[in-house]
Every structure is written in C-alpha cells, then in structure tokens.
Amino acid sequence: MNFHLHNAQQKAFICSNFQKFLNGLDVPVQIFIATDTLNLDVYLSKLEEKTTYPSLFADFKKYMQQLITSQSLLNRSFYIVASDKQITMNVIGLRCSEEREPQYIVQGCFQTLFKEHNEPKLIKNHPTYLDIDGMFLRTIAVEGYPRSVEEGFLDKIVTINGNILISLHIEPYSYESMMVMLNKELQKQHADLWSMERKGMINPSLEIQRTDTRLVLEQVQRGSEKLFDISLYIACRAPSVAELDTVTQKVESQLRAMLMHSVNCSYEQDIAFSSALPLGRNMLGRRRNITTKALSAFFPFTSQFLEMDETGILFGLNKNNIPIIKDIFKLNNANGIVLASSGGGKSYFSKLMISRLLVAGTKVLCIDPQREYTELVKHFSGELITLSRTSDTIINPLDLLGHEFDEKKLALLDLFHVMLGGTSEIQKAVLDRALTNIYAAKGITSDEKTWKRRPPIMDNLLQELKSMSRYATKIESETYRSLINRIEMYVSGVFKFLNRQTKLNFDNRLYALTSETCLSR
C-alpha cells in the first residue's frame, strides 16, 4: 500500500490493526523483503500478441529494455515466513497469497544472484563479506534503536535504490516469560537506583529505564501489550567490493540518519547471511526486546512496487523507479485530466499516451479543434474527420454508431440543444416523437437486430416535422415553425454538408475530429 499517502487517522488505523496481528502471534515469524530484477517479459509478450502496430511495439519494447538496464530498475517482493499456516495478514488490509515452501523462495533469491544456476558453486567467507561465485554480499545487523520513531520508518530502507535483502525476525514471548523477565528487570533497576542514591549519585538514564519497564509491566498485565524479540538484518549485494562498499555506506548512512546503530557482522558473515535468508531461522541471534506498540512502527508494507495490469499501458515510474502500468478502463471511473504549466509537456504526454493505447489495442478518438493531432493521425494512418463543406469524411448526426437506440435518442436531444441554440421542454417532446417516427420509417426500433440498418439523415427529420406541423394547433404551430426554421440550416443552409450518411473507415483505431471553422477562429 502507499502508506505515506494516507492521513494521520488512516495510518493510526493501519498500525492499530498491525498491533492486533502482532498480539495474536504465538509462533516466531520472519518478514522477508527480497530484491528482484524487474521482469516485464510476460507483459510484453501479451502486448505483442494483440497489437496491430508491430513497428511501434518493437520501439516500445526496446525502450522498456533500455530503461530497465540503464536505470537498474529493481522490484521488491514481500514474504512472511511462519510455521503456522493459520497466520493471515488480511487484518491489516493486505492482499496475500500462500506461497510454496521457503526453499523455493530461497531458490528464487539465488536465481537472481546467479543467473546461470540455482545454487552457488563456490562461497568464499571473508571477514567482512562473502564472495559467492563473483557476487559479493555483506550482511549488517541493527542493534541500537532510538527511543521513538515515526510510523512506517522502515520505508526509508525498503525504498533505497540498491540491491538489498531485508529480514525482520519477530519472536513473541510467552505470558509467563514476560512477567518473570519484567519483574526481574524492574527489581534489578530498582536495586541499582537505590545503590546509587546511597552513594549520592544520579543516573537519569536508569530512572527513565525503570519508568519504561514499569509502564510495560502494567500494559502487559492489562493485556494491551506483548513483548517480542526482534532482529533486523540487511544483506547488501553488488558485483564488486567497491560497489558493495557504496551500497553498504548508503544503507548505514540512512540508518544513522534515523538514529539506529548498525554493526558489520565481522567473521560471522556466513551465519548472518543464513539468518537473512527466508528460512525462519535466526542463527545470528542479534536480538532486541520490544513492545507491541513500538514494533508496530516497523510496519514494512509501506510502498507500492510492481503491480501491473496485463492490459495496461506505461504511465511512468513511481518514487521507487517501478513502472506504473495500469489499465484505466478497469478503474471505477476512467476519466482523467492532464494538468501542468505552459510548456510542461501536456501535449507530449497526451500523444505518448495515445501511442501506447494504440499499441495496447485501444480505439482512440481525439476532439482536436486546433489540429494538434493531425500529424499523429497521419503517422498512424488514422482517420481525420473534418467538419467542413468540402470534407470527404463526415459523421451523420443521426447515425447510431454502435449505440443503443434509446441511448442515441437521449444523446440527440442533448445534441440538438447545442445545434439549435437551445430547445424548450415542448420542443424536446416534439423532437422525440419526430425521431421515433423517422427511425421507424427506416425499420429501426428498440430491437437490437434493427440497429445496423441505414439510418435517416437531417432531411428526413425536417420533412417529418413539416408533416407533423400540418396537424398542429395554433399554439403548437409556433413550436414547429421554430424547429423547422433552425433545422433547415442543416439541410439547405450553411451546414448542409451534415445532411448525408456517415463516411468513415471503421477499421482504423485512431480518429481525430477537427473543424476548419474552429481553426480559422
């Protein structure tokens, strides 16, 4: 989820649900975040199957491959490793699927590391890093944490642009163990303070620790908190030692900025890396006890990584450099707007989006009064519809064009309101009867089988209104006269070019509707 786009109340609700999940844990779990090379082969292959623009697709595929390579785009996969199959993350609003056994996830990690085989041939255990078939790894453990952190603070580590594995081991205490340990710790801290007071010494840090321990003990007794041992390991990967040092420094710098203390597991890199793998085994054992509320701040599912629609198009990259591939027609509302300052690239983005929609097999219609898209239409051999007296392409306003009969009549009543400079309710009623009659004369009714028959034109509507006016009362005759006078413009007047059947190539996928009148204005 995009955690940081939520408001404070929503964040608190998510963390509260995460606390409920943690309080319900009776077995150790491991949250494992893997880094994978971004792979769009499935999306590109399906796009290639349905596209009608092979040359355009070839350019798009080449661009995507160069983008992934040049920017080293990486994806993150999130796993929860646990021995209890009943554990569910639905309580915090995450969509999950049950994976196979952990060794398959480990195998996937090794496939990312070692392109040619699923397991390493040679591992060299250096004091501060591992050399695995020429791929270098260094695992660091986080040992010190600040007194307070913001919710979802791990996002700053998860979204680091680097090849890293993140592993968070969570081991719950039993109620009996918690009570015994907290009571012993409280007694020890009380004794230490009493001893220092006898010597006339003051230790504010120890006083704070005793206050915190007493508060935790009270919360545990009330059942609102539990105690956990946590271990946070970050395994950095790179193809050379120099690059490994760079990635490690980037991670350590980010940890220091959050007042977290990390250590390089010198002479324990093999054990540390095994603990970082999704095996559910904390072999290194660098633990720190923590309460439920504090642990909820470790909520790691904070940033959206690759989640694409197979029928979608590329809109750009998110803050994690992950492609945003979405099918807008699958949304509840596919309407959108492009906003930017002058010269900000609105037209460029729109034309680029049109090109990608065409690759995906979508039909596109542009209403283009300023002829911005004329060259684009010509480039893709599309259909340019010009509203003018000399145009070869025209749309009959009364053509159903794939619409339902009743839907088309409703649309025409709105269209005539514009074409005739406004219509009253009485005039709409007259037009509705006239439209029903002229469509019936052509054999077009509410029966779907009739909708592909040759539609009427504006002259048919004019003649029908004249025929109906002969039987009108004196009061109604004014209504008919007004409609007839204005519709005659579209039959024998300046707009008579609209008085003909639709002439378009419907095999095209790109249309642009323009007007010479609008252009001259």
inquiry  = I want to confirm something. Restricting to the stretch 476-502 and keeping residues that are within 21 Å of Asp432 (Cα to Cα) and of a type in the set (Phe, Trp, Tyr), which single residue is surrounded by the fewest Cβ atoms within 10 Å (Cβ to Cβ)?
reply    = Tyr480
ask   = Right, Ile290: under 29 Å from Arg138 (Cα atoms), in a strand (DSSP E or B), modelled with pLDDT under 90 and not charged (D, E, K, R) or not?
value = yes
query = Residue check: is Phe57 in contact with a helix residue (DSSP H, G or I) (Cβ under 8 Å, 6 or more places away or on another chain), in the same structural domain as Ile157 (by TED's automatic domain parsing) and either in a helix (DSSP H, G or I) or modelled with pLDDT under 85 (or both)?
reply = no
remark   = Flagged in the stretch 1-54 as of a type outside the set (D, E, K, R), under 30 Å from Asp229 (Cβ atoms) and assigned to a loop (DSSP other than H, G, I, E, B), in numbering order, are Met1, His6, Gly24, Leu25, Val27, Pro28
task = Only one of these is within 26 Å of Val158 (Cα to Cα) and either in a loop (DSSP other than H, G, I, E, B) or not β-branched (Val, Ile, Thr) (or both): Pro369, Pro300. Name it.
result = Pro300
message = From the list Leu398, Leu384, exactly one residue is of a type outside the set (Gly, Ala, Ser) and part of a strand (DSSP E or B). Which is it?
response = Leu384
message = When the residues of the stretch 267-292 are narrowed to those that are closer than 16 Å to Pro28 by Cβ and without any contact (Cβ under 8 Å) to a residue 24 or more places away in the chain, which ends up farthest from the chain's Cα centre (by Cα)?
response = Met283
note = Counting only residues in the stretch 318-344 that are farther than 19 Å from Ile354 by Cβ and under 10 Å from the mean Cα position of the chain (by Cα), the one surrounded by the fewest Cβ atoms within 10 Å (Cβ to Cβ) is identified as Asn318
Within the stretch 463-521, considering residues that are basic (Lys, Arg), over 28 Å from Glu425 (Cα atoms) and part of a loop (DSSP other than H, G, I, E, B), the one modelled with the highest pLDDT = Arg509
message = If the requirement is being in a helix (DSSP H, G or I), over 29 Å from Thr479 (Cα atoms) and touching an Asp or Glu at 6+ places or on another chain (Cβ under 9 Å), which of these qualifies: Val430, Val377?
response = Val377
remark   = Residue hits (the stretch 433-442; farther than 17 Å from Tyr471 by Cβ and within 48 Å of the chain's Cα centre (by Cα)) are Leu435, Tyr439
Residue that is farthest from the chain's Cα centre (by Cα), among those in the stretch 144-200 that are among the small types (Gly, Ala, Ser) and assigned to a helix (DSSP H, G or I) = Ser195
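The values are calculated or read from the model by the stated rules, or taken from the named source; none is laboratory data. Not measured: the values here are computed from a predicted model. Ideal geometry is used to build each Cβ from the backbone, glycine not excepted, and the neighbour counts take in all protein chains shown.
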